[in-house]
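> Below is one structure. I have some questions about it.
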Amino acid sequence: MNTFETFHLSDKLKTVLAELGYSSPTPIQAQSLPHLLQGRDLIGQSATGSGKTAAYTLPLLERLDSDCPDLQRQRGLQALILCPTRELALQVSGEIRKLGKKHIGLKVLPVTGGVPIGPQIVALEKGIHIVVGTPGRIGDHLRRNTLEIASIRTLVLDEADRMLEMGFQEEMDFIFTRLPSARHTMLFSATFPTTIESWSRSIQNDPVRIVIEPETLSRPDIEQRAYVVEPLHADRVDFNDRLKLMLYLLKERDPASCIVFVNFKADASALESELKRIGVSVGALHGDLEQPDRERVMARFRNRSIRILIATDVAARGIDVESVDTVVNFELPLKPEIYVHRIGRTGRAGRSGISMTLIAAKQVEKLAPLEQLTGMKILIQKGLDLKNRKLADLSADLKLDSEMETLFIGAGRKNKLRPGDILGALTGECGIAGEEIGKIEIQDYISFVAISKRVSRKALSGLETGRVKGRRVRVELAR
Ligand code: AMP
């Protein structure tokens, strides 16, 4: 079963598959090809990178052979493939050209927004067999009568849920009105909200349904989400809109510990002061920090005196923190590898984690490569319109303050200081109850103690005037 031989593919395609090194079908191909090659409609669920492009392209090319044996003379449009983004459309066109390389004279054209329409009109006039387009631009051509889809034989909706998420519903409904009634229709989607089910009902004929579970993931315990910062369709979104959305999300999530990643150190400082101003206790790590300050920030974060740490990627390198339950990407990182690195900060040691990425509407297409790299779907959420919400009320009942703060002690392991000594001094001389004391971290020459805010002043003055292990030590609140 694990070879393309079992399908009745033309010799031409078998040769191409062999040349491309596609020795065995992927699960989505294996399950869908038998139906698709018989012309059955299909509704398929499978992730990016699963090989679904070939799953629909192979039947499409076979059909092209029988409908259009002389591609050099027959120039009518045969197939329309709709994709959510230009990037995907280009990728799909490339895959079709690869698989169709023995189809002499085959014309495949990406027809997407983001590029001038003129050359597309010229190319369409000359005759194209397969158009791979995004809904907005396809609708545009239909209205200008520069594209005619009334005689296509095959229709593919690739990543239908993404098209819906990107606000293409009306455009899709319009495109559907221009379709011929007899055609082969394949619909792929990672999720099936009611709109997509109803699309399927209105454009498909008794489709077979195929679900391929995503491959087992290297990090199954990280849930990746992306949040579109309103206003929708904006190219860029401003700092305040991001900040408001982040506050809203943090309030919902109420993380015990969270790293907020920013791309530039200026943003780290801006975010830190803005959050401090509205009363959220945060720390920030960025390149300009001196080592002792860096140590303090990390110690406070480790012992949960601060729940939110803002960091640039460079500063976060080598950051010594076990695991956090939440990672926020205040912006998309500049490279996909950085994204993978960032979200790897959560979901460690068998605990589950969430990554929340704030994106502009126009950046939705940048998520596909991230999904490919992580092998996981990123859930997109949008429509959280906070335009009329004030920063003040979003932060008003934000309970992101920690109950603890941190005492810095100017002595450490090399001074023969041990946790018991600090604990003894606090509970003995200072009269502080054990429950009020959190993590005690002893480094070579310094130590940090997490202590409940209720008694931190008392602890501070007690240690300042008293002794630890018979010695006077320097004590401060680490801020
Ligand atoms: P897709 O999910 O369609 O984006 O495909 C993911 C990648 O897998 C593409 O780079 C394809 O060229 C490749 N691919 C598709 N089918 C196969 C196959 N049967 N064997 C090996 N590679 C494949």
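> Measuring from label point to label point, each 7 Å out along Cα→Cβ, what is the Gln381 to Thr146 span in nm?
In this crude spin-label approximation the distance works out to 4.0 nm.
> Find the Cα radius of gyration of segment 235-299, compare it with 2.2 N^0.38 Å by division, and give the number to two decimals.
In units of the 2.2 N^0.38 Å rule of thumb, it is 1.18.
> Right, something else. What is the extension gain from Lys469 to Ser10, computed as 0.36 nm multiplied by their sequence separation minus the C-alpha to C-alpha distance, in nm to one decimal?
156.7 nm
> Based on Cα positions only, what radius of gyration and what Dmax would you give for segment 218-395, in angstroms?
Expressed in Å, the Cα Rg and Dmax of segment 218-395 come to 15.3, 44.
> Right, here's the next one. Measure out, as a whole number of angstrom, how far apart the alpha-carbon centroids of segment 100-173 and segment 421-455 sit.
Going from one Cα centre to the other spans 67 Å.
> Quick check for you: which residues of segment 277-298 have the amide N under 18 Å from the point 7 Å beyond the Cα of Phe239 toward its beta carbon?
277-280, 282-289
> Sticking with the crude label model, points 7 Å out along Cα→Cβ, report the distance from Arg418 to Val340 in nm, one decimal please.
Label-label distance for Arg418 and Val340, simple model: 4.5 nm.
> Take the solvent-accessible surface of the protein heavy atoms, probe 1.4 Å, and return the percent of it on segment 371-452 that carbon and sulfur atoms account for.
51
> Mind listing the long-range amide H neighbours of Val328? Cut-off is under 5 Å, sequence gap 5 or more, other chains count too, H placed in the peptide plane at 1.01 Å from N.
Answer set, sorted by chain and number: Ile259, Val260, Phe261, Met356.
> For an R0 of 35 angstrom, estimate the FRET efficiency from the Cβ-Cβ distance between Glu170 and Asp288 and round to the nearest 0.05.
0.10
> Same structure again: Identify all lysines with a Cα-Cα distance to Lys276 below 21 Å; exclude those on the same chain that are fewer than 8 residues away in sequence.
Lys244, Lys251, Lys265, Lys390, Lys399, Lys453
> Using a simple spin-label model with points 7 Å from Cα along the Cα→Cβ vector, what separation in nm is obtained for Lys101 and Arg304?
5.8
> Further, regarding this structure: Pop the C-beta distance of Leu37 and Asp70 into the FRET formula with R0 = 22 Å and round what comes out to the nearest 0.05.
The computed FRET efficiency comes out at 0.50.
> Going out from 0 in 20 Å bins, what whole percent of all Cα-Cα distances in the chain drops into each bin?
21, 41, 24, 12, 2
> Please figure out what share of the DSSP beta bridges in the chain is antiparallel and state it in percent, rounded to the nearest 5.
20
> Taking only Cα atoms, what is the 0 to 90° angle, nearest 10, from helix 135-144's long axis to the longest principal axis of the chain?
On a 0 to 90 degree scale, this one is about 40.
> Short version: ³J(HN,Hα) in whole Hz for each residue of segment 333-342, in order, from phi by Karplus 6.51 cos²θ - 1.76 cosθ + 1.60 (θ = phi - 60°), x for Gly and Pro, what are they?
Each residue's phi maps through the Karplus curve to give x, 6, 10, x, 4, 5, 4, 4, 5, 4 Hz.
> Find the accessible area per residue for the chain; the probe is 1.4 Å, ligands and nucleic acids are left out, and the unit is Å².
45
> Something else: Using 1/(1 + (r/R0)^6) with R0 = 30 angstrom and r between the beta carbons of Ala18 and Gln372, what's the FRET efficiency to the nearest 0.05?
Computed FRET efficiency for Ala18 and Gln372 comes out at 0.75.
> Okay, next question. Read phi for every residue in segment 12-26 and hand back ³J(HN,Hα) as whole Hz from Karplus 6.51 cos²θ - 1.76 cosθ + 1.60, θ = phi - 60°, with x for Gly and Pro.
So the Karplus estimates, Gly and Pro as x, are 3, 5, 4, 4, 4, 4, 5, 5, 7, x, 7, 7, 9, x, 6 Hz.
> Please report the spacing between the Cα centers of segment 233-309 and segment 20-70 in Å, no decimals.
Value for the Cα centre distance between the two parts: 47 Å.
> Here's a follow-up. When you count, for each residue, the other Cβ atoms within 10 Å and take the mean per peptide, how do 260-270, 192-202 rank with the highest first?
Ranked by mean Cβ neighbours within 10 Å, highest first: 260-270, 192-202.
> Per the Kirkwood definition applied to all pairs of different Cα atoms, how many angstroms is the hydrodynamic radius of segment 4-212?
17.1
> Shifting gears a bit: Hey, what do the phi angles of segment 437-451 turn into as Karplus ³J(HN,Hα) couplings, whole Hz, using 6.51/-1.76/1.60 and θ = phi - 60°, x for Gly and Pro?
Computed from phi, the couplings for segment 437-451 are 9, x, 4, 10, 10, 9, 9, 4, 10, 9, 9, 10, 10, 7, 9 Hz.
> On to the next question. If you wrap a convex hull around the alpha carbons of segment 404-477, what volume per residue comes out, as a whole number of Å³?
Convex hull volume per residue, Cα atoms: 67 Å³.
The values are calculated or read from the model by the stated rules, or taken from the named source; none is laboratory data. For clarity, every value in this text was computed on a predicted model and none was experimentally measured. In this analysis, Cβ positions are derived from the backbone assuming ideal geometry, glycine residues included, and neighbour counts consider all displayed protein chains. Each accessible area value is taken on the protein alone, full model and side chains, heavy atoms only, with ligands, DNA and RNA left out. Shrake-Rupley method; radii C 1.70, N 1.55, O 1.52, S 1.80 Å.
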